[in-house]
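To start, the structure under review is shown below, and the notes come after it.
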């Protein structure tokens, strides 16, 4: 059976779990300032400790800019979750309407909260889930809070910058791999927040 754990026949053998396939970035969205329309771009520079170059939060001007820096650098959402929300509310609702930066497929985003992961060669840490807010409802004119409550994606912080492009892999990495890429360890390791 594909994906099933395997073991050797020796006594006390530890199961060897197959590697998870990475997810993929399928869209990248930025907004120049708070509440301004999102624009789709094919690639963007992720800046360590700031977010995505050209995006409102990296510029210090997003709607939630007063919240902790690590919680608002990059947002990710699953494309299938957006389609489910649109179907549930019975209205046109696109990935750009979510005001999230990176749209992904093939990876369980909530499972990345509290963990290191890469998008292409960029190292991120999952800081918290990104529940919807009434601000998004005001901007879209749609009732979204209930429909998006478990489908709002996640917030992440950039710890090793670089270029992110459509088609880049989203891959969970171990603490050791993250440390090799420059991630803080021990007391300096970020602490996720539960929302």
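Would it be correct to say that residue 188 is modelled with pLDDT of 95 or more and surrounded by fewer than 16 Cβ atoms within 10 Å (Cβ to Cβ)?
Numbers: modelled with pLDDT of 95 or more: no; surrounded by fewer than 16 Cβ atoms within 10 Å (Cβ to Cβ): yes.
Here the answer is no, as residue 188 does not meet what is asked.
With a requirement of 3 or more residues that are at pLDDT below 90 and crowded, with 19+ Cβ neighbours inside 10 Å, none of the strands (runs of 3 or more DSSP E) lying completely within segment 1-97 satisfies it.
Might you let me know whether segment 136-146 holds any residue that is under 17 Å from the mean Cα position of the chain (by Cα) and buried (at least 19 other Cβ atoms within 10 Å of the Cβ)? Can you show your working first?
Initial filter on segment 136-146 (under 17 Å from the mean Cα position of the chain (by Cα)): none.
No, every residue in segment 136-146 fails to be under 17 Å from the mean Cα position of the chain (by Cα) and buried (at least 19 other Cβ atoms within 10 Å of the Cβ).
If you go through segment 161-168 one residue at a time, do you hit one that is touching a residue at least 60 places away in the same chain (Cβ under 8 Å), part of a loop (DSSP other than H, G, I, E, B) and surrounded by fewer than 17 Cβ atoms within 10 Å (Cβ to Cβ)? Looking through segment 161-168, at least one residue is touching a residue at least 60 places away in the same chain (Cβ under 8 Å), part of a loop (DSSP other than H, G, I, E, B) and surrounded by fewer than 17 Cβ atoms within 10 Å (Cβ to Cβ). Picking from residues in segment 107-138 that are in contact with a helix residue (DSSP H, G or I) (Cβ under 8 Å, 6 or more places away or on another chain) and either part of a loop (DSSP other than H, G, I, E, B) or at pLDDT below 80 (or both), the one that is farthest from residue 185 (Cα to Cα) is 137.
The values are calculated or read from the model by the stated rules, or taken from the named source; none is laboratory data. Just so it is clear, the structure is predicted and the values come from calculations on it, not from any experiment. In this analysis, Cβ positions are derived from the backbone assuming ideal geometry, glycine residues included, and neighbour counts consider all displayed protein chains.
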